[in-house]
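Have a look at the structure below before the remarks.
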Amino acid sequence: MPLGRLSQWLLLAPALALLSALFLVPIVWFIAGSLASLGGASEIWGETQRTLGSTAIVKTILNTNVIALTVTLFALLLGYPMSFALSRLKGAAFTLVLVCIVLPYFTSIIVRTYAWMVLLGRRGIVNDMLLSLGLIDQPLALLYNRTGVIIGMTYVLLPYMVLTLYAAMKAVDMRLLQAAEGMGARPFEVFRRVFLPLTMHGVLAGCLIVFILAIGYFITPALMGGPSDMMMAMLIEREIELSQNWPAAALMTIVLLAITLALYSIYSRFNDQSGAEGF
Amino acid sequence: MSSVTLEKLTKSYGSETVVRSISMDIAQGEFLSLLGPSGSGKTTTLSMIAGFVTADSGRILFGAKDVTRLPPRDRKLGMVFQNYAIFPHLDVFNNVAFPLTVRRLPKDEVEKRVRQAMEMVRLTGFETRYGKQLSGGQQQRVALARAIVAQPEIILMDEPLGALDKNLRYQMQMEIKEISSRLGMTVIYVTHDQEEALTMSDRIAIMENGRIAQLGAPRDVYEHPESVFVARFLGEANLVPVKRLDGILRGPGGNALRVEKDRSQLATGKIFVRPEKIRLSSAGEPVDGNFLPGKIRSVAFLGNVVRTEIAVDDEVDIVCDTANSDRLVMPKAGDLVQVSWLPSACHVLEG
């Protein structure tokens, strides 16, 4: 159905109004207001240099990226085979697995995070089991450190990866795989030369979604991480709640937003290009 | 070069048997079509030869080599798939090169062979295009080039021309036939289009319910079908019900009908005669051979042929195809006529 330009905008209007009112306006107001409170341009420049020059803050930015990258990697490694299995399932088995993936989302993220804390604590179920099996002598430190953050965040973000990859894999014409096999390709070659390239846009989209969500994550690292696993969202919250340093929080927000938008623009450019090649 | 032998191939899915003990020998360099309606087992048979489907019982031999349990990749076949199966992420060059690069041939050898295959299907210059940028006929050529590039001894084709329009289909039929005979490849070709099978094949295997209903050269199976099914499947067929009374076959209205080679001695049956073997003449005119009086029900002008339907009695209609010519007088619906044919142009079928 061809749409006129006007009716197109009318259909988009409610969403645009909501986003503007609840997201765009507050964030511009927050950043502009915070920075304006410093005074003129030279004061803002000085604050920027001070904030982004602080080793603690630089370390947090680095930490955040490393954690987000690690989580993305684990989500991909776990999610790819899962999605493949899901894309091959039919009927009741498919529904069951899908429900298992999506159902946790009906419970609060705080509840789920506490559940992980019960599992991963020094006297938690995982350590108890490993100790009683005699696999370890000392309880493993799985909580309040990087390991805990990675486990918790990978768990929370995995479904985004799985569902994105699933959509890409479901779109692959299975006859192409059969054709490749008929032309002499071994199973691994079929995967490497046909299936992987045909699902690569899903891999990129999934990684991007997970990375963008991970880089701004707050609750899981706050509850399951240690002091050295501070992430940017936590730092922003701390600057406002504890230090009441709104300009620093605003500057951190700009950095976070810039990373996200930069990644998104790279992705959409790539997507346009592959579209032109006829995917 | 390699022949193909099928020995009592059988395949069931659950309680449904789709291929029932098929045996046949396909000679080296032969072009054999598997022709049949959907559900007749022709695609399953091809899939077993390709190795995508494992036979429940029976054997498949290429030459003297038993390949029944060999995975598809080790059968070294060329294949053209329905809908072509062109890889969307690879350009034409890399699509055609695929069977060579998976076998890790040296780069210059790959380039040489791809160039040859592209020349053969007249697609030179399209190397950097992608599947979506090609017309149906060009995609078909890519699929064909990819099937012959590794110089296989046997090529399997699964309804390769089904998606093309009629003129292009005829042109591609000629090209496929020409290329496969030039390269001396054994071709097994699945189709449900009888005209295509007649045009291209050395022999046709007509399949019905998982069995081979008849196997023979195109002219042979067209002129001498062994069953009503084959007669009907290979084009228009007149099937006139007959009864044997005192050793003489009698058709509608008790007219005696003669059949030159009447070996069957069936008590009842159907006389088979193709529409183009039937002559139409005015009522009462003297004619050779068998004749039946009737009334023209309809006339259709098909261009090269005029197709006339004649009601012989309440139950039997005869279809008559008359070649168009300068002397043709168009018959008219309602005319009283007689249809006639020679005893050598018909035979009796069970049914």
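The values are calculated or read from the model by the stated rules, or taken from the named source; none is laboratory data. Predicted model only: the values in this text are computed from it and were never measured. When we count neighbours, we look across all protein chains shown, and the Cβ atoms used for this are built from the backbone with ideal geometry, even at glycine.
Among the residues in the range A:209-225, are any within 13 Å of chain B (Cβ to nearest Cβ) and either over 23 Å from A:Phe84 (Cβ atoms) or of a type in the set (Gly, Ala, Ser) (or both)? Within the range A:209-225, none of the residues are within 13 Å of chain B (Cβ to nearest Cβ) and either over 23 Å from A:Phe84 (Cβ atoms) or of a type in the set (Gly, Ala, Ser) (or both). For the structure I just gave you, tell me whether A:Tyr160 is buried (at least 17 other Cβ atoms within 10 Å of the Cβ) and not small (Gly, Ala, Ser). The answer is yes for A:Tyr160. Looking at the range B:111-143, which of its residues are over 18 Å from B:Asn83 (Cβ atoms) and assigned to a helix (DSSP H, G or I)? Of everything in the range B:111-143, those that are over 18 Å from B:Asn83 (Cβ atoms) and assigned to a helix (DSSP H, G or I) turn out to be B:Glu111, B:Lys112, B:Arg113, B:Val114, B:Arg115, B:Gln116, B:Ala117, B:Met118, B:Glu119, B:Met120. There is no residue in the range B:18-39 that is part of a helix (DSSP H, G or I) and not acidic (Asp, Glu). Within the range A:220-247, take every residue that is in a loop (DSSP other than H, G, I, E, B) and among the polar types (S, T, N, Q) and give me the one that is surrounded by the fewest Cβ atoms within 10 Å (Cβ to Cβ). By that ranking, first place goes to A:Gln244. Can you say whether B:Ile204 is at pLDDT 95 or above and closer than 30 Å to B:Glu260 by Cβ, as far as the supplied structure shows? Here the answer is yes, as B:Ile204 does meet what is asked.
Here B:Gly58 meets the list (1) in contact with a helix residue (DSSP H, G or I) (Cβ under 6 Å, 6 or more places away or on another chain); (2) small (Gly, Ala, Ser); (3) in contact (Cβ under 8 Å) with a residue 40 or more places away in the chain almost entirely, failing just condition (1). Within the range B:161-192, the set of residues being among the hydrophobic types (A, V, I, L, M, F, W, C) and surrounded by fewer than 22 Cβ atoms within 10 Å (Cβ to Cβ) comprises B:Ala163, B:Leu164, B:Leu168, B:Met172, B:Met174, B:Ile179, B:Leu183. If a residue must be under 13 Å from A:Ala214 (Cα atoms), out of contact with any Cys (no Cβ under 7 Å at 6 or more places or on another chain), buried (at least 16 other Cβ atoms within 10 Å of the Cβ) and among the β-branched types (Val, Ile, Thr), how many such residues does the range A:56-76 contain? Of the residues in the range A:56-76, 5 are under 13 Å from A:Ala214 (Cα atoms), out of contact with any Cys (no Cβ under 7 Å at 6 or more places or on another chain), buried (at least 16 other Cβ atoms within 10 Å of the Cβ) and among the β-branched types (Val, Ile, Thr).
Condition check ((1) more than 8 Å from chain A (Cβ to nearest Cβ); (2) crowded, with 21+ Cβ neighbours inside 10 Å; (3) over 24 Å from B:Ala117 (Cα atoms); (4) at pLDDT 95 or above) across all residues:
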{"position": "B:Asp56", "(1), (2), (3), (4)": "yes, no, yes, yes"}
{"position": "B:Arg59", "(1), (2), (3), (4)": "yes, no, yes, yes"}
{"position": "B:Lys76", "(1), (2), (3), (4)": "no, no, no, no"}
{"position": "B:Val92", "(1), (2), (3), (4)": "yes, yes, no, yes"}
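Looking at the range B:192-251, the helices (runs of 4 or more DSSP H) lying wholly inside it that each contain 1 or more residues that are in the same structural domain as B:Ile155 (by TED's automatic domain parsing), without any contact (Cβ under 8 Å) to a residue 40 or more places away in the chain and touching a helix residue (DSSP H, G or I) at 6+ places or on another chain (Cβ under 6 Å) sit at B:194-200, B:218-223.
Against the conditions (1) part of a helix (DSSP H, G or I); (2) over 11 Å from B:Tyr84 (Cβ atoms); (3) in contact with a Pro (Cβ under 9 Å, 6 or more places away or on another chain), B:Arg146 satisfies every one except (2).
Residues in the range B:5-54 that are among the charged types (D, E, K, R) and in contact with a Lys or Arg (Cβ under 6 Å, 6 or more places away or on another chain) were compared, and the one that is surrounded by the most Cβ atoms within 10 Å (Cβ to Cβ) is B:Glu7.
Can B:Ala283 be described as closer than 23 Å to B:Asp220 by Cα and of a type outside the set (D, E, K, R)? Judged against the criteria, B:Ala283 is not a match. When the range B:1-11 is filtered for residues that are over 12 Å from B:Gly58 (Cβ atoms) and not hydrophobic (A, V, I, L, M, F, W, C), the ones remaining, listed by number, are B:Ser2, B:Ser3. Restricting attention to the range B:61-89 and to residues that are in a loop (DSSP other than H, G, I, E, B) and free of Cβ contacts under 8 Å to residues at least 12 places away in the same chain, the residue that is nearest to the chain's Cα centre (by Cα) turns out to be B:Ala64.
Within the range B:94-110, track down each residue that is surrounded by 15 or more Cβ atoms within 10 Å (Cβ to Cβ) and part of a helix (DSSP H, G or I). B:Asn94, B:Asn95, B:Val96, B:Ala97, B:Phe98, B:Pro99, B:Leu100, B:Thr101, B:Val110, listed by residue number.
Elements of the type helices (runs of 4 or more DSSP H) sitting completely within the range A:112-199 and holding at least 1 residues that are away from chain B (no Cβ under 14 Å): these cover A:125-132, A:146-170.
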